[in-house]
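Chemist: Supplied in C-alpha cells, the structure appears directly below.
The values are calculated or read from the model by the stated rules, or taken from the named source; none is laboratory data. The structure displayed is predicted, hence computed values, not measured ones. Cβ sites come from the backbone with ideal geometry, for glycine too, and all protein chains shown count toward neighbours. Just the protein is used for accessible areas: all its heavy atoms, side chains included, with ligands, DNA and RNA removed. Shrake-Rupley method; radii C 1.70, N 1.55, O 1.52, S 1.80 Å.
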Amino acid sequence: MKYWKLLSVFAILLVIFACTSEDGGPGDNPPTGNDSFDRGAMLANWADNIIVPSFTSFESDAGTLKNATNLFVDAPSVQNLQQLRLLWEKSYVNFQNVAMFDIGKAEEIRFRDRLNIYPTSASKIEGFIANGNYNLELPSTIDAQGFPALDYMINGLGATDTEIVDYYTINANASAYKEYLKTLSETIAQLTTNVLEDWNNGYRDAFVANISSSASGSVDKLANDYIFYFEKSLRAGKVGIPAGVFSNEVLPQKVEAFYKKDISEKLLLESINACKRFFNGGNNGGESFKTYLDFLNTIKNGADLATIINTQFDVALSKANTLNADFTQQIATDNFQMLETYNELQRNVILLKVDMLQALDINVDYVDTDGD
Amino acid sequence: MSNIKKYLNKSTSAAPLAVFRIFFGLMLFFSIVRFWAYGWIDKLYIQPKFFFSYYGFEWIKPLGNITYILYGICAISALLVAVGLKYKYAIVTLFLSFTYIELMDKTTYLNHYYFISCVSFLMIFLPANSYFSLDAKLDQKKAFSKIPNWTIDSIKFLLCIVYFYAGLAKLNSDWLIKAMPLKIWLPSKYDLPFLGDLLQQEWVHYAFSWSGALYDLAIPFLLLYKRTRWSAFAMVVIFHLMTRVLFPIGVFPYVMIVSALIFFDARLHQKIIRSISNLFRIKSNSHISYFEENVKKSRSKIPLLVVSTFLVFQLLFPWRYLLYPDELFWTEEGYRFSWRVMLMEKAGYAQFKIKDKKSGEQFFVDNSDFLNPLQEKQMSTQPDFILQYAHYLGEHFKSQGHRNVQVFAESYVALNGRLSDPYINPNIDLMQIEESLRHKDWILPFEDEIKGF
C-alpha cells in the first residue's frame, strides 16, 4: 500500500516538474479581485494614455521636421534654415517623451540610440559626406545620425547662418551635404513611423496582455527600461558625464545639443518631467508605479514611497531649473550646480532602483539563475 | 559510555543508504546537465572579467574553457556514485569537483549547493556502495547487507540540522511580526493560477511566515517519529513543491524531498530497490548474497571520527554570527553556511569613486564595465563583495597609470521593505582595508532593530 502512496507522490512530483516552466510561464489569468492591483489596467494606461499618444505626437513632429528639411534642401536660405532649426528643436524636445520606451520595435531597431547618441562625430559625418558611402543601419554609424548629427548639420557647420547655408549652396560638395541632411531627417521619421505602426498593429495588445510576473512580463521589462533610461541616459548622459562625474575633468563637449548649446537645460527638464509623468500614470493619473506602490503600501504599512519619489522629482526639477540654458556655459562658470543637480537625480535613482524595485519585487536586469 | 558503545556497534540494513546514494547521484547529475544546458557555465563562469572569491580560497578561480571539463568530471562522478561503481574514487571526485565549482565565485552561493558539498563530503566516509551497487556485484568482498547504524543516522542528523536551523533563523521580528519578506515576495506572484489573488491577502503572508517557521522547526522530529512519518513526508512534498512554484530555486526542492526518504525504515527501501531491479531487469540472484546476514564491520575508527567531528562543526558553525556586533542581516557577517534560506529581501546600489589622493581628482566607475548584472546585484548588498571589488578597481586603475589611488564606496541598501539607508562609510578609503574575519567597522550601523535569532 505504502509503496503505491510513494509512487503517486512521485507521479505528482513529476507532473509538477514538467508543468512549471523556468520562467513561471505566460500568465493569462488576470487577477480580478477588488483587493488586488490590476497590472493589466496599468499596462493599458501606460500604452493608451502615455506611450502611444507620445509616439503619435512625436511622429507628427518628426514628419514636420522631414518636410522642413526637404524645404530647406530644395531652397537653401537663411530663412529656411531658421525654420528648420525651430522644428528640429521642437521635435528634439518632444523626443524626450518617447526616449524611455525602449521596448518592442523600439528595442529591436535601437530606436533611442539611433536618434540620440551624443556627442556626434563631426569627422565621421564629414567622411560620409565626402565619400557618399554610408549605411545608417550599421551600429558603427550610431554617432553620425539622429538629432545630434542634425545639430551639427544645421548649427555646427559654420559660425553664422550664412556660413552654414553656404555649405548647402556654394560648397563644392553641396549636393552631398543636402543629401546627408535629408537622409538624417528621413531616417528619424521612418524609424518613428516603424515604432508607432508596430504599437498600432498588434504590439499594444500583446504588451497589455503580457501581465506575467516573470522577467519577460511587460511590467518587469518596462520598469527596467524606465530605470535604465533614468539612470544612464538622463542622470549620466545629460548631466553626470559632461559635468565630469565619471572622468578626471569636465567634458563640456559631451552636453546634449552641443552645437545649438542653449537648449540643453530645456531637454533635461522635458525628460525629467516625462519620467515624472510616467511614474504618475500620465496627466490624468491612471494606474501607474505610483498607484501600484500605494496599493502595496496598504499591505506593507511602510513609508510612503510614492510621495517620497515625487518629492525627489520636484527637488531635481527645481535644481535643474536654476541651471543655465547652455550647459557648456554652466560647466565653465559654476560646475558645482551641475554636480548638485546630478546628486538630486542620483537620489531618485536609488529610490527607484533600490526601494521601488524592492517594493515591486522586480529584479534589476534579471539574470535567470537559481536563488535560495 | 556503554550505551554509546552499544549504539556504535548497532548495525542496520544497508538499503536506505543505497537508495539515498542512487537518488543523490542522479539528482546531482541532472542538476549539472540542467546547469550546462541553460548556458549558465558560460554566463556565470566564462564570460565575467572578474570573480568574487571566498576568504582563504582566492586561489580557486574558473578555468576558462576547462571549466566545462570540470563540469563533465563532476557529472560523470555523480553517475558513478549513483550506480556505485568505483565508489570511493567517484565520491571523492564528486566532492572535490563540485566544491571547487562552488568556490569559483561566491556570487552564485546558494545554501543548497553548500548542502550538496556537505552531503558528498559526509558520504566519502559512509559505506554507501555496500549494497545494490556495481562495486558489490563485481566484488563480493565489498558486498554487505548490513552496515553500522550510525552511518545512516549521520545523514539524518545533517538533514535535521538543516531544517531546524533554517527554522530557528526564521524566529525573528521581521519574519514573524512583520511577515517580511513574504509580504514583498508573495504579492508579486499575482499571475499564479488559483493562488494569485490569495497571495495579495495580508493574512496569507502571516500564515505562510508562521507555518514556514513551524514546519522547519518541527519536521525533523515528525520525520524521526515513526507514527508521524508518513504525514511528515506528505508535508515535505507539499512544502517543497510550494517553494518550487513560488520561488526560482531550481532542483533543491527535489533533492530535499528525495533526501527525506532516508528517514523511512528498510522495508520501503527494499521495495524501491526491487522496483528499480524490475525496471532495469537486474536479475535478483545477482545480489542474492546481500540478503545473507552479512554485516560490515569497520576496521578503522577514522570514518566515525571524521563524521562526528564534521557534525559537531555543523552544529557550531552557524552560531559564529554571535561573535559579531550589529545586525546580522545588515552586515551579513556569519550569514552564509548557516542554513538561512529565503530569509530576507535585500536590495542595494553601490557606486565607486576613484580618487587621486594628491591632486584630489576623482571620478565614478560604471560597474557594468566590470561586472555582470548578477554580480553587481550581489556585490551591492554584501560588504565582503564591496571590499574585494574596491580592491580590484583600485588595482585596475593603478595599472592604467592612475596614481595615489583611493577607492570610496557610496552605497545604499534597503532591507526587508525598509527605506534605503547609506550602507558603507563613504569616507573610508577601501584600499586601506584588508579582508579579514574581524568585524567590518566601516559598515554604517543599522538604524533599526530586528529581534530574535
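Chemist: I'm trying to understand the selection: among the residues of region B:311-327, which are assigned to a helix (DSSP H, G or I), surrounded by 15 or more Cβ atoms within 10 Å (Cβ to Cβ) and in contact (Cβ under 8 Å) with a residue 40 or more places away in the chain?
Modeler: B:Leu311, B:Gln314, B:Pro318
Chemist: Restricting to region A:211-241, name every residue that is in a loop (DSSP other than H, G, I, E, B) and either within 18 Å of A:Val349 (Cβ to Cβ) or open to solvent by 30 Å² or more (accessible area, probe 1.4 Å) (or both). First the steps, then the outcome.
Modeler: Just the residues of region A:211-241 that are in a loop (DSSP other than H, G, I, E, B), to begin with: A:211-217, A:241.
Listed by number, the residues that qualify are A:Ser213, A:Ser216, A:Ile241.
Chemist: Might you let me know whether region B:374-384 holds any residue that is within 22 Å of B:Phe52 (Cα to Cα) and surrounded by fewer than 18 Cβ atoms within 10 Å (Cβ to Cβ)?
Modeler: Narrowing region B:374-384 to residues within 22 Å of B:Phe52 (Cα to Cα): B:374-384.
In the following step, the residues that additionally are surrounded by fewer than 18 Cβ atoms within 10 Å (Cβ to Cβ) were identified as none.
No, there is no match, as no residue in region B:374-384 is within 22 Å of B:Phe52 (Cα to Cα) and surrounded by fewer than 18 Cβ atoms within 10 Å (Cβ to Cβ).
Chemist: Could you look through region B:245-257, keep only residues that are under 16 Å from the mean Cα position of the chain (by Cα) and part of a helix (DSSP H, G or I), and pick out the one that is modelled with the lowest pLDDT?
Modeler: To start, the set of residues in region B:245-257 that are under 16 Å from the mean Cα position of the chain (by Cα) comprises B:247-257.
Filter again for part of a helix (DSSP H, G or I), leaving B:252-257.
Working: B:Phe252: 87, B:Pro253: 91, B:Tyr254: 92, B:Val255: 92, B:Met256: 93, B:Ile257: 94.
If we take residues in region B:245-257 being under 16 Å from the mean Cα position of the chain (by Cα) and part of a helix (DSSP H, G or I), then B:Phe252 is modelled with the lowest pLDDT.
Chemist: Scan (1) out of contact with any Phe, Trp or Tyr (no Cβ under 7 Å at 6 or more places or on another chain); (2) open to solvent by less than 40 Å² (accessible area, probe 1.4 Å) for the single condition A:Val78 breaks and write down its number.
Modeler: Of (1) out of contact with any Phe, Trp or Tyr (no Cβ under 7 Å at 6 or more places or on another chain); (2) open to solvent by less than 40 Å² (accessible area, probe 1.4 Å), only one is false for A:Val78: (2).
Chemist: If you check B:His402, B:His439, which single one turns out to be in contact with a Ser or Thr (Cβ under 9 Å, 6 or more places away or on another chain), open to solvent by 40 Å² or more (accessible area, probe 1.4 Å) and on the phi < 0 side of the Ramachandran plot? Working first, answer last.
Modeler: Working: B:His402 fails: in contact with a Ser or Thr (Cβ under 9 Å, 6 or more places away or on another chain).
Result of the check over B:His402, B:His439: B:His439.
Chemist: Now for a separate question. Filter region A:253-288 down to residues that are open to solvent by 50 Å² or more (accessible area, probe 1.4 Å), within 30 Å of B:Val407 (Cα to Cα) and under 19 Å from the mean Cα position of the chain (by Cα), then give me how many there are.
Modeler: 1
Quick grid of which residues meet (1) at pLDDT 95 or above; (2) surrounded by 14 or more Cβ atoms within 10 Å (Cβ to Cβ):
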site	(1), (2)
B:Lys271	no, yes
B:Ser275	no, no
B:Asn278	no, no
B:Asn285	no, no
B:Glu293	no, no
B:Ile302	no, no
B:Thr309	yes, no
B:Val341	no, yes
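Chemist: What number of residues within region B:351-366 are more than 9 Å from chain A (Cβ to nearest Cβ), out of contact with any Lys or Arg (no Cβ under 8 Å at 6 or more places or on another chain) and either open to solvent by 10 Å² or more (accessible area, probe 1.4 Å) or under 22 Å from B:Pro181 (Cα atoms) (or both)?
Modeler: The number of residues fulfilling the criteria is 4.
The rows are residues; the columns are (1) touching a strand residue (DSSP E or B) at 6+ places or on another chain (Cβ under 7 Å); (2) among the aromatic types (Phe, Trp, Tyr); (3) at pLDDT 95 or above.
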position	(1), (2), (3)
B:Ile155	no, no, yes
B:Leu176	no, no, yes
B:Trp185	no, yes, no
B:Lys189	no, no, no
B:Ser209	no, no, yes
B:Ala218	no, no, yes
B:Val237	no, no, yes
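Chemist: Could you run through region A:119-133 and say how many residues are open to solvent by less than 50 Å² (accessible area, probe 1.4 Å) and part of a helix (DSSP H, G or I)? Don't jump to the end; show me each part of the working.
Modeler: The first filter runs over region A:119-133 and keeps only residues open to solvent by less than 50 Å² (accessible area, probe 1.4 Å), leaving A:120-122, A:125, A:127-129.
Next, only the ones that are part of a helix (DSSP H, G or I) stay: A:122, A:125, A:127-129.
Looking only at that region, the number is 5.
Chemist: Can you tell me which of A:Val250, A:Val208 is out of contact with any Lys or Arg (no Cβ under 8 Å at 6 or more places or on another chain), surrounded by fewer than 21 Cβ atoms within 10 Å (Cβ to Cβ), in a loop (DSSP other than H, G, I, E, B) and β-branched (Val, Ile, Thr)? Before you say what the answer is, go through the steps one by one.
Modeler: Numbers: A:Val208 fails: in a loop (DSSP other than H, G, I, E, B).
Within the list A:Val250, A:Val208, the selection yields A:Val250.
Chemist: Which number in (1) more than 8 Å from chain A (Cβ to nearest Cβ); (2) at positive phi marks the one condition that B:Met342 misses?
Modeler: So B:Met342 meets the others, but not (1).
Chemist: Oh, and also: Sort out which residues of region A:89-118 are aliphatic (A, V, I, L, M), surrounded by 22 or more Cβ atoms within 10 Å (Cβ to Cβ) and either in a helix (DSSP H, G or I) or touching a strand residue (DSSP E or B) at 6+ places or on another chain (Cβ under 6 Å) (or both), and write them in order of number.
Modeler: A:Ala106, A:Leu115 - these are the residues of region A:89-118 that are aliphatic (A, V, I, L, M), surrounded by 22 or more Cβ atoms within 10 Å (Cβ to Cβ) and either in a helix (DSSP H, G or I) or touching a strand residue (DSSP E or B) at 6+ places or on another chain (Cβ under 6 Å) (or both).
Chemist: For region B:109-144, name all the residues that are of a type in the set (Val, Ile, Thr) and away from chain A (no Cβ under 14 Å).
Modeler: B:Val119, B:Ile124
Chemist: Answer yes or no: is there a residue in region A:160-180 that is within 22 Å of A:Asn70 (Cα to Cα), open to solvent by less than 20 Å² (accessible area, probe 1.4 Å) and under 24 Å from the mean Cα position of the chain (by Cα).
Modeler: no
Chemist: With the checklist (1) out of contact with any Lys or Arg (no Cβ under 8 Å at 6 or more places or on another chain); (2) more than 14 Å from chain B (Cβ to nearest Cβ); (3) crowded, with 19+ Cβ neighbours inside 10 Å; (4) not small (Gly, Ala, Ser) in hand, flag the one item A:Thr322 doesn't pass.
Modeler: Every listed condition holds for A:Thr322 apart from (3).
Chemist: Let me spell it out: the conditions are (1) without any contact (Cβ under 8 Å) to a residue 60 or more places away in the chain; (2) surrounded by fewer than 17 Cβ atoms within 10 Å (Cβ to Cβ), and B:Tyr55 meets all of them except one. Which number is the exception?
Modeler: The number of the failed condition is (1).
Chemist: Among the candidates B:Ile22, B:Ile60, B:Ile32, which residue alone is open to solvent by less than 50 Å² (accessible area, probe 1.4 Å), part of a loop (DSSP other than H, G, I, E, B) and of a type in the set (Val, Ile, Thr)?
Modeler: Numbers: B:Ile22 fails: part of a loop (DSSP other than H, G, I, E, B); B:Ile32 fails: part of a loop (DSSP other than H, G, I, E, B).
Of B:Ile22, B:Ile60, B:Ile32, the one residue that is open to solvent by less than 50 Å² (accessible area, probe 1.4 Å), part of a loop (DSSP other than H, G, I, E, B) and of a type in the set (Val, Ile, Thr) is B:Ile60.
Chemist: Counting just the residues of region B:230-250 that are touching a residue at least 24 places away in the same chain (Cβ under 8 Å) and within 8 Å of chain A (Cβ to nearest Cβ), which one comes out most open to solvent (accessible area, probe 1.4 Å)?
Modeler: Of everything passing the filter in region B:230-250, B:Val245 is most open to solvent (accessible area, probe 1.4 Å).
Chemist: Checking B:Leu198 against (1) away from chain A (no Cβ under 11 Å); (2) surrounded by fewer than 22 Cβ atoms within 10 Å (Cβ to Cβ), which single condition isn't satisfied?
Modeler: (1)
Per-residue answers, yes or no, for (1) in a loop (DSSP other than H, G, I, E, B); (2) within 27 Å of the chain's Cα centre (by Cα); (3) more than 12 Å from every other protein chain (Cβ to nearest Cβ):
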residue	(1), (2), (3)
B:Arg403	yes, no, no
B:Ala409	no, no, yes
B:Ala414	no, yes, no
B:Gly417	yes, yes, no
B:Asn427	yes, no, yes
B:Met431	no, no, yes
B:Arg438	yes, yes, yes
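Chemist: Of all residues in region B:112-132, how many are open to solvent by 10 Å² or more (accessible area, probe 1.4 Å) and in contact with a Lys or Arg (Cβ under 9 Å, 6 or more places away or on another chain)?
Modeler: 5
Chemist: Out of A:Ile331, A:Ile362, A:Ile350, A:Ile308, report the one residue that is in a helix (DSSP H, G or I), within 13 Å of another protein chain (Cβ to nearest Cβ) and open to solvent by less than 40 Å² (accessible area, probe 1.4 Å).
Modeler: Values: A:Ile331 fails: within 13 Å of another protein chain (Cβ to nearest Cβ); A:Ile362 fails: in a helix (DSSP H, G or I); A:Ile308 fails: open to solvent by less than 40 Å² (accessible area, probe 1.4 Å).
Of the residues listed, the single one that is in a helix (DSSP H, G or I), within 13 Å of another protein chain (Cβ to nearest Cβ) and open to solvent by less than 40 Å² (accessible area, probe 1.4 Å) is A:Ile350.
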